[in-house]
Structures are given as C-alpha cells and as structure tokens.
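Notes for the one structure printed next.
The values are calculated or read from the model by the stated rules, or taken from the named source; none is laboratory data. Worth saying up front: this structure is predicted, and the values here are computed from it rather than measured. Note that we place each Cβ from the backbone using ideal geometry, even for glycine, and neighbour counts take in every protein chain shown.
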C-alpha cells in the first residue's frame, strides 16, 4: 500500500520508530479532541499507517474496523476501546499476562 507518509519517517514516528497506540495517541489533543467520534477520527486519519511490529504496518482504518465504540469521552476511554480492539484482532504484540 502507498502510505501518505513513511511510517518510520519524521512525520510518522518523530524520528524514532513508534508502534501501535503510540502512533494513534500522537494524533490526538487530549484537551481539545474529546468527546471524539470514531467515524470522525477515521475520516481524518483512516489512510495513515500504524506500525504494529518490526515488519507489519496497517492503516488506522484497519484497526478501527475492530473498534465497537462509536464515541470516546476522553483519551482513557479511547485507549481502552482501541487497545481491546487491537488485542481481539491479534494486532497487539504485548502479552499482558506474561509481563504481569
């Protein structure tokens, strides 16, 4: 897929390789973007890349296909819903039970 920017370039990772929710979080303003509609977020960022691991890149829209919640009151609810969706879709690299 041709991405609008390099997921590992300055615009995609601020000079360092970032993964998963770290990429999504930098697209948000915790003070000004909430409440946030999932469809508005996908409309604005859906075609942008998110690196899941060292070899796999998906779009924001690919991730949001698995998000059940349509609106987020704050960044915490956003992260909980997106994190759960990513785990359910096998897009999550960290095994929480292993690191507990």
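What to note about this one:
- The single condition among (1) out of contact with any helix residue (DSSP H, G or I) (no Cβ under 7 Å at 6 or more places or on another chain); (2) closer than 14 Å to residue 82 by Cβ; (3) touching a residue at least 24 places away in the same chain (Cβ under 8 Å); (4) surrounded by fewer than 17 Cβ atoms within 10 Å (Cβ to Cβ) that residue 23 does not satisfy is (4).
- Pairs, first touching a residue at least 40 places away in the same chain (Cβ under 8 Å) in the range 54-71, second in a helix (DSSP H, G or I) and buried (at least 18 other Cβ atoms within 10 Å of the Cβ), C-beta under 9 Å, six or more apart: 59/45
- If you check 6, 68 for being assigned to a loop (DSSP other than H, G, I, E, B), surrounded by fewer than 17 Cβ atoms within 10 Å (Cβ to Cβ), in contact with a helix residue (DSSP H, G or I) (Cβ under 8 Å, 6 or more places away or on another chain) and modelled with pLDDT of 85 or more, only one passes: 68.
- The set of residues in the range 33-65 that are out of contact with any helix residue (DSSP H, G or I) (no Cβ under 7 Å at 6 or more places or on another chain), assigned to a loop (DSSP other than H, G, I, E, B) and either buried (at least 18 other Cβ atoms within 10 Å of the Cβ) or at pLDDT 95 or above (or both) contains only 65.
- Residue in the range 71-86 that is surrounded by the most Cβ atoms within 10 Å (Cβ to Cβ), counting only those that are outside any helix (DSSP H, G or I) and in contact with a strand residue (DSSP E or B) (Cβ under 8 Å, 6 or more places away or on another chain): 72
- The lone exception for residue 30 - which of (1) under 15 Å from residue 77 (Cα atoms); (2) touching a helix residue (DSSP H, G or I) at 6+ places or on another chain (Cβ under 7 Å); (3) at pLDDT 90 or above it fails: (3)
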